[in-house]
1. Listed highest first by mean packing, meaning other Cβ atoms within 10 Å per residue, what order do 40-46, 8-14 come in?
2. Straight-line reach from LYS47: which aspartates and glutamates fall under 18 Å, measuring Cα to Cα and dropping same-chain residues less than 8 apart?
3. Give me, ordered by chain and number, the residues 5 or more places off VAL9 or on other chains with an amide H under 5 Å from its own placed amide H.
4. Of LYS36/LYS107; LYS36/LYS146; LYS107/LYS157, which ones are farther than 21 Å apart at the Cα?
5. Using modelled backbone amide H atoms (1.01 Å from N, in-plane), which distant-in-sequence or interchain residues come within less than 5 Å of ARG31's amide H?
6. Could you please state, rounded to a whole Å, how far the C-alpha centre of the stretch 167-190 is from the C-alpha centre of the stretch 87-162?
7. Using a Cα-Cα cut-off of under 13 Å, which aspartates and glutamates could be cross-linked to LYS93, ignoring same-chain neighbours fewer than 8 residues away?
8. Dipole of the stretch 90-182, Cα-centred, from +1 at each Lys and Arg C-beta and -1 at each Asp and Glu C-beta, to the nearest 20 debye?
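Coordinate-derived values only; no laboratory data. On a predicted model such as this, the values are computed, not experimentally measured, just so you know. In this analysis, Cβ positions are derived from the backbone assuming ideal geometry, glycine residues included, and neighbour counts consider all displayed protein chains.
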Amino acid sequence: MNILSAEFVTSAFKPEQFPGETRPEIAFAGRSNVGKSTLLNTMLNRKDLAKTSKRPGKTQTVNFYDVNNILYFVDLPGYGFAKASHARQAVWKRAITSYIMGRQSLKLAVHLIDARHPPTPRDHELLGLLEEAAVPTLIVATKADKLKQSERTTLSKRLRDYLGIDETALVVPCSMVTREGIGEIWEVVEHQLTAEDAGPRGVR
């Protein structure tokens, strides 16, 4: 997709604060510091559109970004940030759950997982939530440039085994440093925006 415009729209905690469902939405989800905001910036060719930080937990609200005046990219709060209070983590969880379960305009969830580590219990919980809501989901393995070659060759199979998903499910190794995987993610996004069924190209 040729990015002609991209801008921040709003931050929200509650469904009543979300924009009207007037266009398709692509959501980015994953644990704190996995690279959601950085991936969003990279895909949109913007340096600081979505605010990033080396400190986990930077994204604390459901953030909507207008893309080309035709769709929204949605940056969800990161989960699993150990230094956040239980109350704060509960607020984040409610925001994520209410968005995923109640948003009819959600066409695809991009679930980011750090390629260097096995998925966490929260990753499994998120995947279960997306499955319950029948949201097509693309697994993206971030920070793939940090893996050894021997680890790269088994990455997709290992993640499928860890997550208990079908061997046909697409897993995209990704690096925001080398831009590996960015084109493939865009292909899935564009396909999903026009697909009538819920599972093209191996998206689960």
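1. Values: 40-46: 19.0, 8-14: 14.6.
Highest-to-lowest ranking by the protection proxy: 40-46, 8-14.
2. Cross-link targets: GLU7, ASP66, ASP75, GLU180.
3. Amide H neighbours of VAL9, under 5 Å, 5+ apart: PHE64, TYR65, ASP66.
4. Too far apart for the 21 Å limit: LYS107/LYS157.
5. Sorted by chain and number, the residues that satisfy this are TYR79.
6. 14
7. ASP123, GLU125
8. Dipole of the stretch 90-182, to the nearest 20 debye: 320 debye.
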